[in-house]
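First the structure, in the form of structure tokens, and then the observations on it.
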Amino acid sequence: MSGGHFQAYGLVIESELPIVEMPAAQASPDVAPDVSVRLGPVPEHLDEPDLVREVSESSAGRLLLRIEGVARYLVLHGSEIVIDPVDGADEHEVRVFLLGTCFGALLHQRGLLVLHASGIEHPSGAVLFAGASGSGKSTLLGELLRRGHRMMVDDVCGVTLHDGTPTVVPSYPRTRVWADSAVELAVDTTGLTRTRPSMEKFERQLFDQSCGDHLPLRRIYHLAGAAGDEVTLETLPPMARFPTILANTYRAMLLDGLGMRPMHFDLASAVAASVEVVRGVRPAEGFRVVEVADRILDHLVDDDVR
């Protein structure tokens, strides 16, 4: 096991655990890393937690996560993650929860708006696809990647305000694809790692097809479900944007325990005030991601020429 320096979300991460999903970063002897990931003992419980859930405990600046058979994790003040793996734990499974809930919590702690979204680079900025698990975020991203677009994020999406402008920070060049979607998208899963052993979901590394730049957030498409026979896109009125953004926050249940709810409301309000949100519903029958992608790309072009 050999770590190193890595980069994601605009951060330099020094890790004792190799994070193969992230590109390497150049270490500087004069500049401290933004985040430290290290291996070490993690307690079973926090002292005086503000919020206790089945697998987590939290208070301001601290999150303890317990994943049976994998590891315990401690996320501290947006700058440190301590991992205590179970003996014999699979290294990939340890990283699954590091890259998901732990980095989501860390970005919350650093004051970013963290959305459950995938996203691409577009000539006019970053375009995000938000939605609940199973809504088709990664499948839509896969179709757009097939067409040559570059990805910015898949799953844990960080948005910050840069001079008042909502800006997406690029994550790392890994996306996921379900086995049935892989068939339709002509993705060969031979040799790909499953996200978890029991899941028909596979990891794809796309170092040559990712965007590493911070980009202004152009639009959020909320993938709201499936109904009817056609793809429908509805631009939401300003008052409906805020609750939609709240509903698509990544691991929103962590906010109260971390003491981040007020800041999160302020960030969500700022994004809702300036970023268009479009509700998308896909057809109920069949694999229709090609139609969904066509409609969204046409929608972006039509808006550019108006």
| said: Please report the carbon-and-sulfur percent of the accessible area for the chain; probe 1.4 Å, protein heavy atoms only, DNA, RNA and ligands left out. | reply: 50
| said: For the chain, take the longest principal axis of its alpha carbons; what is the angle in degrees between that and the long axis of helix 137-146, to the nearest 10 within 0 to 90? | reply: 70
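Determine the gain in length on full extension of the stretch SER269-GLN26; use 0.36 nm per residue of separation and subtract their C-alpha separation, reporting nm with one decimal.
83.9 nm
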| query | Taking N as the number of residues in the chain, what is its alpha-carbon radius of gyration divided by 2.2 N^0.38 Å? | reply | 0.99
| Those residues of the range 262-294 whose amide nitrogen sits under 15 Å from the label point placed on ALA132, 7 Å along Cα→Cβ | 280-282
| query | Helix 238-247 versus the longest principal axis of the chain: what angle, 0 to 90°, nearest 10, using Cα atoms? | reply | 40
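Restricting to DSSP H runs of at least four residues, report the calculated mean residue ellipticity at 222 nm for the chain, -39500 (n - 2.57) per run over all residues, nearest 500 deg cm²/dmol. Could the numbers behind the result be given before it?
Numbers: 8 runs with 75 residues, N = 306.
Calculated at 222 nm, the ellipticity per residue is -7000 deg cm²/dmol.
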| Simple spin-label model, 7 Å along Cα-to-Cβ: ARG261 to GLU291 in nm? | 4.1
| query | Between ARG146 and VAL301, what length comes free when the chain is fully extended (0.36 nm per residue of separation minus the Cα-Cα distance, one decimal in nm)? | reply | 53.9 nm
| query | Taking a point 7 angstrom from the Cα of LEU39 along the C-beta vector, which residues in the range 81-102 have backbone N less than 18 Å away? | reply | 81-99
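Counting heavy atoms of the protein chains only and a 1.4 Å probe, report the per residue accessible area for the chain as a whole number of Å². It would help to have the intermediate numbers written out before the result.
On the way: 13800 Å² over 306 residues.
In whole numbers, the chain has 45 Å² accessible per residue.
The values are calculated or read from the model by the stated rules, or taken from the named source; none is laboratory data. As the structure is a prediction and not an experimental result, all values here were calculated from the model. Glycine also receives a Cβ, built like all others from the backbone with ideal geometry; neighbour counts cover every protein chain displayed. Ligands, DNA and RNA are stripped out before the accessible areas are found, and what is left, the full protein with its side chains, is counted by its heavy atoms. Shrake-Rupley method; radii C 1.70, N 1.55, O 1.52, S 1.80 Å.
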